[in-house]
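One structure below.
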Amino acid sequence: TDPALKKLIITIDGPSGTGKSTAARRLARRLNYLYLDTGAMYRAVALKALRRKVSLRDRLTLARLARGARIRFRKGRDGRNRVFLDGADVTAEIRRPAVALAAARAATIPAVRRAMVREQRRIGAKGGVVAEERKKAHDGALARRRIAFDNPLRNVAFFKAKFGFGMRAKSENSETMC
C-alpha cells in the first residue's frame, strides 16, 4: 500500500439503512485498514454498565465508565474485527439484544458521546482507519476524507468505480447491484 494512502482516515456518513457499515467494512478490508466500528464502542460501554449493574439512568456513572473504558479493535483469524473491552474479548457479548438496547440509551448521553469521540480520535490518530460516522452525532470527529451516503444508487456507482467492489442499493423505484 502507498505510504500516503496508509495515513488516511475515511469516514462514511449518512442515515440509517444506507449501507455505511457494509461499505466501511469492505473498504477497510480492501485497503488493509482498521474498521473502526463506532457502534461496537457504545455497545462495549453498555456491556460494562450492565456487568456492573449500573442504572442506565445514572448519567454520571455511565459517563465515568465511558471515560475509563479501554476499547480496542484487533483483526481476528477470519480477518474480521474482534472487540476488546478492558483487555477481554467481548465481540460476541456486545451483539446481544439487551446490550444493544442499553447502548442506544447510553449513546444519548452527551458525556458518553464525548468520551467515545475522544477514544475514536485516539484510535484514528495514526490513520489507516475506515469508520461509519453520523455527522450530527460525532461532528466529524475523525473525518479527513468523508464519503456521504445520501443517495444509495450513486453510492453503488461510486464504490464500484473507486474501489472495485460491488454493493446493493435500493431507491424508491429500483434496486441496483454492482
**OP:** Would you give the gap between the C-alpha center of region 56-87 and the C-alpha center of region 3-52, rounded to a whole Å?
**Re:** 13
Original post:
In Å, what is the Rg of the alpha-carbon atoms in region 1-132, and how long is Dmax?
Top reply: 14.8, 47
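Compute the length gained on full extension between R67 and A104: take 0.36 nm times their separation in residues and subtract their Cα-Cα distance, giving the result in nm to one decimal. Could the numbers behind the result be given before it?
Numbers: separation 37, 0.36 × 37 = 13.32 nm, distance 1.73 nm.
Value of the extension gain: 11.6 nm.
Only the coordinates and a few stated rules stand behind these numbers; no lab work does. In this text the structure is predicted, and so the values were computed from the model without any measurement.
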